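S.K.: I have a structure I would like to understand better, so I am pasting it below and will then ask my questions one at a time.
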Amino acid sequence: MISERYLNALVLLAFLAIPVWAILADEPFTITLATRAAILALAAVGLNIALGIGGLVSLGHAVFFGIGGYAMGILAFHAQTYTPLELGGLSLAGTKSMPVVWVVAMITSALAALGIGVLSLRTTGVYFIMITLAFGQMFFYFAISWSAYGGEDGLSIYVRNEFPGINTLVPIQFFGVCFVILCIALYLNARLAASPFGLALNASRQVPARVEAVGLNPTRIKLLAFVISGALTGLAGALFADLNRFVSPTMFSWQLSGELIVLVILGGVGRLMGPVVGAALFVVLEHWLGGLTEFWHIFLGAILLVIVLFARGGVVGLLTGKEGAHV
């Protein structure tokens, strides 16, 4: 077995080496695939904070992914059409600045997570799963009916947003931006898990009665974790929309929420690099098996079944000999 710390370093090095190889081999599409994997891994890192540490099985995390995507799409749309954004009687200008878009995406997603979390955390277990699913469906159908921004057809953005000193239209440079953000999110995740807050969140998942006994409120702790989780997932949504230069109601779909859970389970629930390994494996299977058959999800389901039955710690747990978190 390999130590988890050593495996984490190898995963990041491999993730960085693939685009470098793609440049040398003149395979720009491989860089795009690596970028897609990095963004999905970022979204899964956000979910893993709520799921892996806090035990919150959310089937509506696509809400935050979609909000982040639409935050980017709406701001970029008004910037490219030179029309003001009317908001509460105020006329605001759109923007093509990535940092500004990221801040807006994270704030709006965090606020949505706060509202959803306050209501959802009044329930537990399967009821929590169903209420988050209900919120996801509400946002999905709202986006379909939002004709001002494309409705069911979605919204196209002509040019990718801008980052100071970087040409984001160059695949390797945009990958670099996404990879650095992923590394920052992983670092913050590791620090959070080892902090007193992370320990309290883990205890709230396992023995909430004891957490209350020492004077802490487990519901508030889980709510804060849910908000942090939503903000990171919203940031991933903004990057995903920039990658595709397109947003649509499918970003709110329950299928996407399910895929994020699959990514975490594949890599390892509660494992730091679980989301990264799961996202990379998912994108590889999607590209490779998807080129062979349109029913590639059958093979993904078989792999997921094997992991759930025989490798509770996911791929990371299988390689390190450690089981994942029990939720």
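The values are calculated or read from the model by the stated rules, or taken from the named source; none is laboratory data. What you see is a predicted model, and the numbers here were worked out from it, not measured in a lab. Here the Cβ positions follow ideal geometry from the backbone for every residue, glycine too, while neighbour counts run over all protein chains shown. The protein model used for the area step is the full one, side chains on, heavy atoms only, and it has no ligands, DNA or RNA in it. Shrake-Rupley method; radii C 1.70, N 1.55, O 1.52, S 1.80 Å.
S.K.: Within the set of pairs 6+ apart or on separate chains, which have a first residue in segment 156-180 that is more than 15 Å from residue 15 (Cα to Cα) and acidic (Asp, Glu), a second that is modelled with pLDDT of 90 or more and part of a loop (DSSP other than H, G, I, E, B), and C-beta atoms under 6 Å apart?
M.R.: 162/96
S.K.: Now for a different question. Considering only residues of segment 39-91 that are β-branched (Val, Ile, Thr) and within 10 Å of the chain's Cα centre (by Cα), which is nearest to residue 200 (Cα to Cα)?
M.R.: Among those residues, the one meeting the criterion is 45.
S.K.: Any idea which residue in segment 104-157 is nearest to residue 79 (Cα to Cα), counting only those that are over 19 Å from the mean Cα position of the chain (by Cα) and among the β-branched types (Val, Ile, Thr)?
M.R.: By that ranking, first place goes to 157.
S.K.: Filter segment 134-178 down to the residues that are farther than 21 Å from residue 27 by Cα and assigned to a loop (DSSP other than H, G, I, E, B) and list them by number.
M.R.: 146, 150, 154, 157, 158, 159, 161, 164, 165
S.K.: Something else: Specify the residue that is nearest to residue 153 (Cα to Cα); the eligible residues are those in segment 233-255 that are within 10 Å of the chain's Cα centre (by Cα) and open to solvent by 10 Å² or more (accessible area, probe 1.4 Å).
M.R.: 240
S.K.: Another question about this same structure. Any residue in segment 95-102 that is under 22 Å from the mean Cα position of the chain (by Cα) and either under 29 Å from residue 317 (Cβ atoms) or without any contact (Cβ under 8 Å) to a residue 12 or more places away in the chain (or both)?
M.R.: Looking through segment 95-102, none of the residues is under 22 Å from the mean Cα position of the chain (by Cα) and either under 29 Å from residue 317 (Cβ atoms) or without any contact (Cβ under 8 Å) to a residue 12 or more places away in the chain (or both).
S.K.: If I ask for residues that are of a type in the set (Asp, Glu) and farther than 18 Å from residue 254 by Cα, which ones from segment 126-152 would you list?
M.R.: Those that are of a type in the set (Asp, Glu) and farther than 18 Å from residue 254 by Cα: none in segment 126-152.
S.K.: On to the next question. Please give the number of the condition residue 286 fails out of (1) open to solvent by 10 Å² or more (accessible area, probe 1.4 Å); (2) in contact (Cβ under 8 Å) with a residue 24 or more places away in the chain; (3) in a helix (DSSP H, G or I).
M.R.: With respect to (1) open to solvent by 10 Å² or more (accessible area, probe 1.4 Å); (2) in contact (Cβ under 8 Å) with a residue 24 or more places away in the chain; (3) in a helix (DSSP H, G or I), residue 286 is out only on (2).
S.K.: Report yes if residue 225 is of a type in the set (A, V, I, L, M, F, W, C), in contact with a helix residue (DSSP H, G or I) (Cβ under 6 Å, 6 or more places away or on another chain) and open to solvent by less than 10 Å² (accessible area, probe 1.4 Å), otherwise no. Spell out how you get there, then give the answer.
M.R.: Working: of a type in the set (A, V, I, L, M, F, W, C): yes; in contact with a helix residue (DSSP H, G or I) (Cβ under 6 Å, 6 or more places away or on another chain): yes; open to solvent by less than 10 Å² (accessible area, probe 1.4 Å): yes.
Taking the combined requirement at face value, the residue satisfies it.
S.K.: Now a separate question. Select the helices (runs of 4 or more DSSP H) contained entirely in segment 1-81, then report the ones holding at least 3 residues which are at negative phi, β-branched (Val, Ile, Thr) and open to solvent by less than 40 Å² (accessible area, probe 1.4 Å).
M.R.: 28-48, 62-81
S.K.: I would also like to ask the following. Inspect all residues belonging to segment 296-317 and state whether any of them is farther than 24 Å from residue 15 by Cβ, open to solvent by 40 Å² or more (accessible area, probe 1.4 Å) and touching a helix residue (DSSP H, G or I) at 6+ places or on another chain (Cβ under 6 Å).
M.R.: no
S.K.: Also, I was wondering about something else. Please specify each residue of segment 92-135 satisfying the condition of being among the small types (Gly, Ala, Ser) and open to solvent by less than 80 Å² (accessible area, probe 1.4 Å).
M.R.: The first filter runs over segment 92-135 and keeps only residues among the small types (Gly, Ala, Ser), leaving 93-94, 97, 105, 109-110, 112-113, 115, 117, 120, 125, 134.
Residues satisfying the conditions are 94, 97, 105, 109, 110, 112, 113, 115, 117, 120, 125, 134.
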